[in-house]
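The values are calculated or read from the model by the stated rules, or taken from the named source; none is laboratory data. All values derive from a computational prediction rather than experimental measurement. Note: ideal-geometry Cβ built from the backbone for every residue, glycine included; neighbour counts use all protein chains shown.
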Amino acid sequence: MSESSLQDVRAVNGGGSWFHRNQIAVTPWLFLAPGVLFFIFYVISPIFQSFNVSLYDWDGLGEAEYIGLQNYQDLYWEFVDRDAFFVSLKNNVIWLFLYLLAIPVGLMIALFLNQNVWGIRLYKSLFFFPFVISQVVVGLVFTWFYDPTFGLLNTIIGWVGLGPINVLGDERFVTYGIIAAGLWPQTAYCMILYLTGLNAVDPEQVEAGRLDGAKGWKMLWHVIIPQLKPATFIAFVVTIIGALRSFDLISIMTQGGPFGSSRVLAFYMFEVALSEYGFRMGYGAAIAVVLFLIMLCFIAYFLWSMWKEEKGAR
Amino acid sequence: MFPRPIESTARTTQVAYKTLLPIALLMWLAPLLAVAVFSVKPDADFTTGNYWGVPSTFEGLTNYGKVFLESDMPRYLLNSVFITVPTVIGAVALSSMTGFALGIYKFRANLWIFFMFVAGNFVPFQILMVPVRDLTLDMGLYNTKTGLVLFHIAFQTGFCTLFMRNFIRALPFPLIEAARVEGVAEWRIFWFVVLPLMKPALAALSVLIFTFIWNDYFWAVVLTQGPESQPVTAGITSFNAQFRAAYHLMSAGSIVAALPPVLMFFLMQRHFIAGLTLGAVK
């Protein structure tokens, strides 16, 4: 950098308009403005509005009547619809735990596919493929897969002499059946995360481990999995979010049935606020708030982890 | 490499592995293959109970022809395109700006704004549903593609900002300092220095957002109704009502609805996976 051009810079920064002098301080705000305003308008402020709506009795059209915490009391005392709220809550917990299976299963498939044989790239893509399909289609595909008269599942268990089971029509199985459908694309996602992670595993550490006599499970547990930590974190985040967002599959496969036994909070809220149950916006908002508070625990944890990372980066 | 490369194992293990691969794949994709087989079967096979046998005749052309000519499917597909493409453009444009601001500049609110985007991106849709629907109604945009697009752009900006900001953080910062020393205006640094370097991120985000929005169902149901504005994910339910119990047509319809993101994935695979796995490796 020559002396003269440095002086030019000083000339530019020193003189000129206010904007020129404060360019570095002002520019980020100009770049942020459209995105931030849009996001606040459509995402951040509706969260608070929902909290507010949950204190009203409102059908979405007429006057809203302030009723305080009445909606939450109704939820607790199951005043409105049998035990719909607690069934939904219980199913959400089942979803959360079983959905996490996508992580170990995804890791297993990734380990299975992490080889260098002919055509393996195509195999990897095809294994990943369910993730790209819309959940609506996944739901339809699995509805037919489970169908008691012609579904592939019953055809297969018919070969070993087991009677037809109506997975989606039986209160005992229905939630597990839908979760299995959801695990299909979710596992594919976790698999691709781990395949990328395995690619970056340090070969020297693996060799060192081999020299120390580690192999199989021991190697996996002590050498490989610690190195896959970033992939595991992302897999954990997307799986938790996916489990709590489960709506599409339930809406397509069972509409919450039979007898409301496969509802989760996300679906129950929609049902209360926007479908034939009538437009009970306030009550729906109260359910949404409960769901949001559950999610908030996880969001706080995610942000905390990211914050620690950011501190470390500086 | 872990597990141990298969080439260095016994011959029998290699053969076993290579036979196991296609079998595992068939099992993994079985539910989908079943639907693909259904979609080329004639109507008669279902009435005679020939569900899993070889199709008695190949009716792929007839079935898919019906989907395109005798239903609202083309309309729904077109709606999906008109919803998805503007959303991709809008969200990527907004977030390359926010990502630039948060990735390059140091100011006190930086991390807070970043976390606002990240947190907003994780909230359950249901907490937004009532107010957003109300907002859309008030603006006269209920049951329009515009209403859906505006919301999608805003919401996706959260995820896109997370992505862009982390990508820009990883760019070599001396490049920007050099430009500043040369007296280049900040917006020109964005346009001529940073944006050209962001091409891989722009490509990856575009395919990801395309898939997310194409596959969206919840907001389509909340903010639209009817064939004039509904995308294909919501339209498929009315399609299935129209062809109730005609499994060959419903299967063909589902495959048509699922196809565009699948094509996108196979054409842009490298970008797609790079986008999904950003941050999976340190």
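Tabulated values for the structure
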| item | result |
| --- | --- |
| Boolean, B:ILE189 is on the phi < 0 side of the Ramachandran plot, of a type in the set (A, V, I, L, M, F, W, C), surrounded by fewer than 23 Cβ atoms within 10 Å (Cβ to Cβ) and at pLDDT 90 or above | yes |
| Options B:ILE236, B:ILE255, B:ILE209; residue that is hydrophobic (A, V, I, L, M, F, W, C), more than 9 Å from every other protein chain (Cβ to nearest Cβ) and on the phi < 0 side of the Ramachandran plot | B:ILE209 |
| Residues satisfying the stated conditions in segment A:52-73, i.e. in a helix (DSSP H, G or I) and of a type outside the set (Val, Ile, Thr) | A:ASN52, A:GLN70, A:ASN71, A:TYR72, A:GLN73 |
| Selected residue (only one of B:LYS18, B:LYS106 is outside any helix (DSSP H, G or I) and either within 29 Å of the chain's Cα centre (by Cα) or of a type in the set (Lys, Arg) (or both)) | B:LYS106 |
| Criterion: at pLDDT 90 or above and closer than 25 Å to B:ASN143 by Cα - qualifying residue of B:VAL181, B:VAL232 | B:VAL232 |
| Qualifying residue in segment B:69-90 (condition: over 20 Å from the mean Cα position of the chain (by Cα), surrounded by fewer than 17 Cβ atoms within 10 Å (Cβ to Cβ) and more than 30 Å from A:VAL272 (Cα to Cα)) | yes |
| Condition met for B:VAL35 (closer than 30 Å to B:SER254 by Cα, facing chain A (nearest Cβ under 8 Å) and either assigned to a loop (DSSP other than H, G, I, E, B) or touching a residue at least 24 places away in the same chain (Cβ under 8 Å) (or both)) | yes |
| Matching helices (runs of 4 or more DSSP H) fully within segment B:190-282 where at least 3 residues are under 30 Å from A:ALA110 (Cα atoms) | B:199-214, B:247-267, B:269-276 |
| Filtered residues of segment A:275-304 (kept if within 7 Å of another protein chain (Cβ to nearest Cβ) and free of Cβ contacts under 8 Å to residues at least 40 places away in the same chain) | A:GLY284, A:ILE299, A:LEU303 |
| Filtered residues of segment A:145-188 (kept if outside any loop (DSSP other than H, G, I, E, B), touching a Pro at 6+ places or on another chain (Cβ under 8 Å), of a type outside the set (A, V, I, L, M) and free of Cβ contacts under 8 Å to residues at least 40 places away in the same chain) | A:PHE145, A:ASN154, A:GLY158 |
| Test set (1) at pLDDT 90 or above; (2) surrounded by 24 or more Cβ atoms within 10 Å (Cβ to Cβ) - B:PHE272 fails condition number | (1) |
| Hey, B:TYR51 at pLDDT 90 or above and among the aromatic types (Phe, Trp, Tyr) or not | no |
| Some residue of segment A:221-235 being at positive phi, part of a helix (DSSP H, G or I) and assigned by TED's automatic domain parsing to the domain that holds A:VAL137 | no |
| Single residue of A:PHE145, A:PHE236, A:PHE150 found to be among the aromatic types (Phe, Trp, Tyr), over 19 Å from A:VAL264 (Cβ atoms) and crowded, with 20+ Cβ neighbours inside 10 Å | A:PHE145 |
| Top-ranked residue of segment A:126-154 - restricted to ones that are closer than 26 Å to B:MET264 by Cα and among the small types (Gly, Ala, Ser), ranked as nearest to the other protein chains (Cβ to nearest Cβ) | A:SER134 |
| Residue match in segment A:41-50 (condition: in contact (Cβ under 8 Å) with a residue 40 or more places away in the chain and not acidic (Asp, Glu)) | yes |
| Options B:LEU148, B:LEU102, B:LEU111, B:LEU137; residue that is over 25 Å from A:ARG245 (Cα atoms) and more than 7 Å from chain A (Cβ to nearest Cβ) | B:LEU102 |
| Restricting segment A:262-295 to residues that are part of a loop (DSSP other than H, G, I, E, B) and over 22 Å from the mean Cα position of the chain (by Cα), the residue that is nearest to A:LEU69 (Cα to Cα) | A:ARG280 |
| For A:ARG245: the one exception among (1) within 17 Å of the chain's Cα centre (by Cα); (2) of a type outside the set (Asp, Glu); (3) exposed (fewer than 14 other Cβ atoms within 10 Å of the Cβ) | (3) |
| Given (1) in contact with a strand residue (DSSP E or B) (Cβ under 6 Å, 6 or more places away or on another chain); (2) at pLDDT below 90, index of the condition A:ARG82 fails | (1) |
| Qualifying residues in segment A:1-51 (those that are part of a loop (DSSP other than H, G, I, E, B) and over 21 Å from B:ARG108 (Cβ atoms)) - the one modelled with the highest pLDDT | A:SER17 |
| Number of positions in segment B:258-282 that are in contact (Cβ under 8 Å) with a residue 12 or more places away in the chain and either within 10 Å of chain A (Cβ to nearest Cβ) or of a type outside the set (A, V, I, L, M, F, W, C) (or both) | 11 |
